[in-house]
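The values are calculated or read from the model by the stated rules, or taken from the named source; none is laboratory data. This one's a predicted model, so the numbers in the text were calculated from it and none came from an experiment. As a convention, Cβ positions derive from the backbone with ideal geometry for all residues, glycine included, and neighbour counts pool all protein chains shown.
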Amino acid sequence: MKITPKVIATALDGLAARDGDIARTLRDVGYPEPRHRDPGFGTFVNIIVGQQVSVASATAIRARLVAAAGPITPQSLLALDDDALKAVGFSRRKMEYCRLLAQDILDDRFDPDTLRRLDDEAVMAAIVARKGLGRWSAEVYMLFALGRADVWPADDLAVIVAVQRLRNLDARPNRATMEQIAEDWRPWRGIVALLMWHHYNKAAL
């Protein structure tokens with residue numbers, strides 16, 4: 001599925017009709033924009049780059065990487081030595097993760113092109129088997145690159161904070177509570193995640 005503005009509006013309008021907190025949030029912040037990313041190696045690299053750094057820092061690193069390597073492919077990334085990747089802004093660990101992923105693709109141990117044909121559980125298993133790509137990375141890829149509209153990134157800090165505000169909770173919900181709260185939003189939990197990111201970003205302005 002391609003998550004378009006129409007899909008987002010249809011999903012959230014339906015949820016708002018039975019969830020007053022969703023309805024209130026829509027009135028306060030409006031509809032979120034789609035976050036589409038092209039499937040493939042480049043998006044996995046972008047996800048790795050974005051781990052544990054600010055959005056601004058990740059954006060700057062990605063721009064420098066494209067300037068140094070051109071289109072991000074396994075071959076173009078492996079052509080950059082340690083000094084080049086360090087100049088771009090990569091840590092040693094992120095160099096390792098991206099190089100291992102590139103080599104896995106070149107050696108046919110991992111094929112991102114096959115993921116769209118798998119169910120959510122199989123996609124998750126295939127991605128988290130790669131070093132440096134955990135559950136959050138898989139969920140972000142599934143939502144943004146594969147258009148899986150029911151993926152729920154329950155460990156994402158911004159989503160957690162937004163859900164806490166949405167439900168007026170005294171403390172940040174843990175994963176079990178996040179999963180329980182989101183049950184009522186099936187089969188559109190990923191669309192609600194987009195709304196939660198939108199809500200979090202609006203509140204930060």
Next on the checklist: So in the range 72-94, with the set limited to residues that are part of a helix (DSSP H, G or I) and over 26 Å from the mean Cα position of the chain (by Cα), which one is surrounded by the fewest Cβ atoms within 10 Å (Cβ to Cβ)?
Outcome noted: Asp83
Next on the checklist: When you check Leu143 against the structure, is it of a type in the set (A, V, I, L, M, F, W, C) and over 27 Å from Val192 (Cβ atoms), yes or no?
Outcome noted: no
Checklist entry - So which pairs qualify, if the first residue must be in the range 112-130 and of a type in the set (Lys, Arg), the second must be surrounded by 13 or more Cβ atoms within 10 Å (Cβ to Cβ) and at pLDDT 95 or above, the Cβ gap must be under 6 Å, and the two must be at least 6 apart or on different chains? => result Arg116/Leu146; Arg130/Leu101
Item to check | Selected residue (criterion: nearest to Asp28 (Cα to Cα)) from residues of the range 150-191 that are free of Cβ contacts under 8 Å to residues at least 24 places away in the same chain and small (Gly, Ala, Ser) | outcome: Ala171
